[in-house]
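What follows draws every value from the coordinates through simple rules; no lab data is involved. Keep in mind that this is a model prediction, so the values were computed, not measured. Cβ sites come from the backbone with ideal geometry, for glycine too, and all protein chains shown count toward neighbours.
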Amino acid sequence: MEGDELMERLARFGVLRRSYGDAARHLVPLLAPCALVLVPLGLLATPILILALNGQVIVVDQEPELTAVPAGALAVWAAVVLVTWLVLAVLVFPAVVMIAAGRLLGRRVPPVAALRAAARRAPALLALAGLAVLVLAVAAGAFGVLLVLGPVWMGIAGTVLVLAAMPALMAVPGVVLEGRSPWAAVVRAYRLSARWMHVTAFTLLIGTVAVPALATWALDRGVDGLTGPALTIVSGTAGFALSLLIVPFQAMLVARQFLYHLAALRDAGAFGDLVERLPAGPPGPARPVPVLASLLLPGLAFGATVLVNPLGWPEVAETYAQEVLARDPAYFDEGSAHVSTTELRAAFAGPGEGVTVLTDSGFDSASKLLTCSDARCTRLSNRWTGQNEELRQGIRPPSAATRLPDGRLLLVRWEPTVRGRGWRARLLICDGRGCAEAPGGRYVTQVRDPYPRLNLALAARPGGGVVLAQAAEVPSGDLGPSTTETLSLVVCDDVACTRPRTKAVAQVDSRAFVRAPHSLAIAMGPDGRAVAARLDSLTGALHVISCADPACERVQVRRPVPPILPDLDAAEPGEVNRLFDESREHGDRAGASLVVRADGRPLIAYRSTADGAVLLLDCRTPDCAAAGSRTLAPAGAEHAAPALVLDRSGRALIAYQDLEGRRLMLATCAGLDCVTTPVRNMRHGPGPALAMTLDARGRPAIVWTDAGESAGAEVVVTVPLNLPWPHQTRSSRAAR
């Protein structure tokens with residue numbers, strides 16, 4: 001093609017439209033350098049990534065997620081791959097520019113020849129990249145200065161800076177097509193675009209930044225509706241492929257914009273020199289199928305690894321309750337559908353593979369049961385346990401529940417007394433159809449204070465019946481606050497509790513009785529003996545009440561964890577005030593979870609009142625006269641009380657929060673020997689409550705609250721699917 005005719009064709013308007021059309025027509029040869037260099041790098045990086053991720057990833061609903069900030073081998077891998085990718089991209093992009101320029105100038109440039117030519121100009125190209133990094137650093141500093149001027153000025157100045165930098169992209173063809181030095185190529189680029197600076201800047205900005213960003217946004221929106229394997233495979237393969245498909249369109253635009261300005265000079269000799277400088281070589285056959293298919297290989301390799309999970313990464317099924325309820329048309333018609341993070345009380349294995357959660361605000365509304373129909377909670381129901389109209393405005397004791405051997409729930413419901421000066425508790429039996437009063441049942445306990453300070457917990461007896469543990473404030477008899485509370489056990493021979501037998505077992509010091517529903521727990525041993533634990537939210541003292549026989553005729557009370565200050569009356573006023581302030585602010589998070597092992601020895605997980613740490617107490621005797629302790633999570637005021645269950649093999653499973661990593665953790669313990677693993681990242685932050693049960697398959701179902709100051713709050717159900725996990729970390733021992 002003659003020089004004058006070539007210049008006339010390249011000097012036509014519509015650079016952006018024409019360059020995108022040329023890129024689409026010549027997509028396969030333009031993609032060839034990417035397929036030859038970047039795709040093999042992606043394939044090599046995939047197995048290294050998989051090995052480096054080992055122990056730092058979980059698979060949530062078949063989607064991989066990092067559980068920690070990249071560190072160690074993963075950080076090294078990320079740094080090496082990133083640097084290698086950037087260096088190779090510095091060579092690949094100019095090679096694609098040469099191929100694009102060759103197509104525009106009527107000459108076919110083989111991909112291998114273009115890569116070799118770019119490699120020969122590697123020092124100049126790397127220096128040009130370094131100059132670009134320096135400009136970006138200066139621009140970032142300028143943005144920092146502009147922050148003080150406000151968002152409007154920052155936006156205006158930022159736009160001006162970005163537009164001013166766009167013509168510098170034409171320095172790439174200046175280096176590889178004209179053989180100029182980096183600085184000379186930059187000067188050449190700005191001189192060529194001087195007459196049409198604003199048009200050039202906007203064209204390059206739209207074609208190399210705005211359109212690729214729009215394509216990325218469209219891809220993200222397109223995969224929003226996908227879940228599970230489809231999301232893992234489509235997002236991985238499409239994301240990698242799109243990152244490479246963008247390159248030919250950007251390179252063709254840069255090459256055509258450069259040649260457009262060069263054609264305006266009407267220098268036929270310059271065009272002749274460009275054609276002569278283009279690398280030559282034997283043309284290879286066009287192979288669109290292998291080239292385009294290769295773009296999908298890295299994403300497919302990683303997606304297949306996640307789905308097959310050969311390394312045994314932790315897999316969990318998870319549901320955010322409000323998101324599922326919001327899809328139910330009845331959700332907007334029924335006020336009972338709302339779930340608050342402050343209401344979470346306990347979790348129980350529900351019908352089939354589902355889970356039932358007891359929620360209770362403790363105010364003027366009845367408690368509610370949130371029920372999942374299966375492990376993944378694809379269907380949810382949330383219903384009142386009684387008539388809301390029966391309850392008056394005011395504070396009442398928190399509800400409690402236990403699971404009966406036949407799968408139904410036994411629930412305590414509080415009702416106002418006849419004269420409205422107190423509260424009394426009745427037992428309800430709940431199944432999939434609803435809740436009804438236990439036939440022939442009586443009120444099992446009563447409190448005469450309209451603003452009661454009382455906690456209740458209950459457990460079903462193996463041979464039938466139920467045992468209730470109660471902690472109630474002892475009236476002081478004068479105007480001053482009470483300093484003691486009574487610990488009582490109520491023994492019933494049947495679930496309706498037709499003949500309750502109440503036994504006061506101890507009076508303990510309690511200077512700041514707060515509404516901490518998780519601070520009282522009860523469990524049944526295999527021989528039918530009841531064991532209860534009471535954690536004082538002010539002093540941190542932990543009392544263990546154990547029955548020596550199934551009828552609780554003989555009861556022992558031990559204190560394996562002493563109070564922070566043995567004598568509050570003799571303590572420094574400042575220290576006492578600190579305890580009171582802490583109790584008022586975080587007392588609702590105080591709590592203990594209790595199980596009794598096959599040999600009758602209790603195991604207790606609790607949140608320390610002293611510093612908020614999460615600890616495990618291993619009782620060495622059935623009455624917990626002697627015990628050892630270890631720390632699972634270090635001090636933290638925002639810790640929720642942990643949740644504890646025994647799995648079918650007798651191992652202890654403890655769910656707790658990692659405040660530093662903002663993660664939900666699961667510890668698997670034999671005595672005080674524990675291994676832990678992250679279960680889930682928190683979207684928002686640590687919520688105030690945790691609960692856990694074993695589902696029908698013996699898997700732990702963890703119900704927790706994900707709450708942020710301004711981001712909202714959610715009740716979450718997380719079910720680990722593939723215990724035991726091989727990639728766990730051993731907890732550090734902390735003797736107390």
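See the values below:
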{"read-out": "Per-bin percent of Cα-Cα distances, the stretch 166-206 [10 Å]", "value": "36, 50, 14"}
{"read-out": "Amide H partners (placed H, <5 Å) of Leu721, local residues excluded", "value": "Glu315, Val316, Ala317"}
{"read-out": "Positive dipole terminus of the stretch 583-702, leading residue within Gly636, Ala670, Leu694 (C-beta point charges)", "value": "Leu694"}
{"read-out": "Integer Hz, Karplus 6.51/-1.76/1.60 couplings in order for the stretch 24-36, x for Gly and Pro", "value": "5, 5, 10, 4, 5, x, 6, 7, 4, x, 5, 5, 7"}
